[in-house]
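These notes concern the structure reproduced below.
The values are calculated or read from the model by the stated rules, or taken from the named source; none is laboratory data. Keep in mind that this is a model prediction, so the values were computed, not measured. Cβ: placed from backbone, ideal geometry, glycine included. Neighbour counts: every protein chain shown. Each accessible area value is taken on the protein alone, full model and side chains, heavy atoms only, with ligands, DNA and RNA left out. Shrake-Rupley method; radii C 1.70, N 1.55, O 1.52, S 1.80 Å.
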Amino acid sequence: MKMSGGKPLDGKIALVTGSSRGIGRAIAVELARAGAFIFINYVRGEEAARKTLKIMEDRGDKGSLLSFNVSDFDAVQDAIRGITEEKGRIDILINNAGITLDGIFVRTKPEEWDNVIDINLKGVFNCCRAATRYMMKQRWGRIVNMTSVVALSGNAGQVCYSASKAGIVGLTKSLARELGSRNICINAVAPGFIETDMTVSIGEKSREKVIDQIPLGRTGTPDDVAGVVAFLVSGKADYITGQVIHVNGGLYM
Ligand code: NAP
């Protein structure tokens, strides 16, 4: 059989927000392996971001670091303009950066609410707003937004977080409708319980309780999510837009 030798994302330029660690790192490494050049975004974790880059470079894949705070509109516009000036385009945007806020609703402070919405939801707006300008001109773009199972199921103790993630679902569907005619596909991925820094502080008892509710009987790994994201930005998903893809071992159906 004759092999073409090309990788599925050869020549593509991608930005993965929050790819210094966790799910974002796994996505960055996976897309780089598929041939894309990756801008590795982070806000504080420079050393961790360098590790993401090293994992890629050790495999012969390519990327560079790009620090900015996704909640800062001007910083995001500048950073994404910089990508297009350096590389001539931006093809793939993965809005993965996010923070969690766990706590009882009646004790939640307004500034905590603002912070979660600013990073998790406005951050997605900021990055989409900057990148779609260029994607529209290119008449090609792929965006994946990281939501969460709790956006759909709800979760006691995560009112702010789940509201921010539910906002991402509405943004994804409306933007997919608005930009479909420009060949820009926008989907959301909703992970369940994935083992990262975000979930590390959850006690053993609570973890066991969650696992009891997962038909596949285990928590997820960042690679479980990354594979789905790589599929969504590949040519195999050209007819998928406006969808929420669940990656949760059956925790929520
Ligand atoms: P994580 O391990 O805590 O990593 C979060 C990443 O986001 C880090 O790279 C961090 O960068 C970056 N980040 C945070 N605030 C930022 C900001 N303002 N600007 C730019 N980057 C920022 O989280 P994770 O578990 O991998 O989660 C990744 C995404 O999946 C999040 O959106 C999360 O809500 C979602 N999710 C996670 C789970 C789960 O079970 N883990 C489940 C459902 C959804 P620094 O290193 O610089 O801080």
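Observations, loosely collected:
- Those trypsin sites (Lys or Arg not before Pro) in region 18-108 that DSSP places in a loop and that have at most 13 other beta carbons within 10 Å: ARG44, ARG59, LYS62
- Between TYR239, TYR161, TYR42, the GNM of the chain built on Cα springs shorter than 10 angstrom shows TYR239 fluctuating the most.
- Rounded to the nearest 10 degrees, the angle from helix 46-58 to the longest Cα principal axis of the chain is 50 degrees.
- TRP113 - accessible surface, heavy atoms, 1.4 Å probe, Å² rounded to 10: 100 Å²
- For VAL244, the residues whose amide H sits under 5 Å from its own are ALA188, ignoring neighbours fewer than 5 places away on the same chain, with H placed 1.01 Å from N.
- Residue order for MET56, MET198 - accessible surface, 1.4 angstrom probe, largest first: MET198, MET56
- Local electrostatic count, PHE37, Cβ distance below 13 Å [Lys/Arg +1, Asp/Glu -1]: +1
- Distance between the C-alpha centres of region 90-120 and region 176-231: 16 Å, rounded to the whole angstrom.
- Across region 13-247, Cα pairs under 8 Å and at least six residues apart give a relative contact order of 20 percent.
- GNM top mover of GLY98, GLY18, GLY220 - the chain, alpha-carbon springs below 10 Å: GLY220
- Calculated from the alpha-carbon coordinates, the chain shows an Rg and a Dmax of 17.6, 64 Å respectively.
- Largest to smallest in accessible area, the residues ASP223, ASP238 fall in the order ASP223, ASP238 (1.4 Å probe, all protein chains included).
- Fluctuation leader among ILE240, ILE186, ILE38 - the chain, Gaussian network, Cα springs under 10 angstrom: ILE240
- If only the Cβ of Lys and Arg carry +1 and only the Cβ of Asp and Glu carry -1, the dipole of the chain around its Cα centre is close to 760 debye.
- Degrees between helix 123-138 axis and first principal axis of the chain (Cα, 0 to 90, nearest 10): 20 degrees
- Gyration tensor (alpha-carbon) shape descriptor, region 150-236, a/c threshold 1.5: oblate
- With DNA, RNA and ligands ignored, accessible area of ASP118 (1.4 Å probe; Å², nearest 10): 60 Å²
- Accessible area per residue for the chain is 50 Å², calculated with a 1.4 Å probe on protein heavy atoms, without ligands, DNA or RNA.
- Whole-Hz Karplus values for region 235-240 come out as x, 6, 10, 4, 10, 10 Hz, taken residue by residue from phi with 6.51 cos²θ - 1.76 cosθ + 1.60 and θ = phi - 60°; glycine and proline positions read x.
- Ellipticity estimate at 222 nm from DSSP helix runs (n ≥ 4, -39,500 (n - 2.57)) divided over the chain, nearest 500: -13500 deg cm²/dmol
- Region 13-247 - percent of accessible surface contributed by carbon and sulfur, probe 1.4 Å: 51 percent
- Residue-wise HN-Hα couplings along region 185-199, as the Karplus relation 6.51 cos²θ - 1.76 cosθ + 1.60 with θ = phi - 60° gives them from phi, are 9, 10, 10, 10, 10, 10, x, x, 9, 10, 6, 8, 4, 5, 10 Hz; Gly and Pro carry x.
- Acute angle (nearest 10 degrees) that the helix 159-179 long axis makes with the longest principal axis of the chain, alpha-carbon atoms: 30 degrees
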